[in-house]
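We did not get these values from a lab; they are worked out from the coordinates using the rules stated. What you see is a predicted model, and the numbers here were worked out from it, not measured in a lab. Cβ: placed from backbone, ideal geometry, glycine included. Neighbour counts: every protein chain shown.
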Amino acid sequence: MQGTTLKLIVEMDAQDAQRVIKSGSLASLFSDLNISTDEIKNIESEAEKETVAEPQQTENKTVPTTTISYTHDDLAKAAITLMDAGKQPELLGLLQEFNVQAVPMLKEDQIGPFALKLRELGAKI
């Protein structure tokens, strides 16, 4: 097959390339192809340069968020829909969980978590 050129392209990740270089598999292949050791060292050197981990560039995607504030009145309206749906026992249990007897007795820092629990019970809030 004189005069015929075979081009061999091998793609691998950095870990595989390091393993192939360290194991000597690459050198063995090149010696079988009568490629000089200087050429092998140059190829291995280039491969190592390319496999050096560079900081990955990640796209900084900002997800738009909005803060929703609920009032005691919003929570009361949502609670009424749950009562209408027959979930009065669950609602009473939720009030006990927050150590209050009625929605207007919730502290400001309890409003958000209470709204979340109402939503978990099926309230549209």
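Compute the distance in nm between two label points, each set 7 Å from the Cα along the Cα-to-Cβ direction, one at K22 and one at D109.
Calculated label separation equals 5.1 nm.
How high is the FRET efficiency between E11 and T65 when r is their beta carbon distance and R₀ equals 25 Å, given to the nearest 0.05?
Rounded to the nearest 0.05, the efficiency is 0.05.
Obtain the nm distance between the two label points defined at I80 and F98 by a simple spin-label model: each point lies 7 Å from its Cα along the Cα-to-C-beta direction.
According to this spin-label approximation, the distance is 1.7 nm.
For region 60-93, state which trypsin sites (Lys or Arg not before Pro) are in a DSSP loop and have at most 11 other beta carbons lying within 10 Å of their beta carbon.
K61
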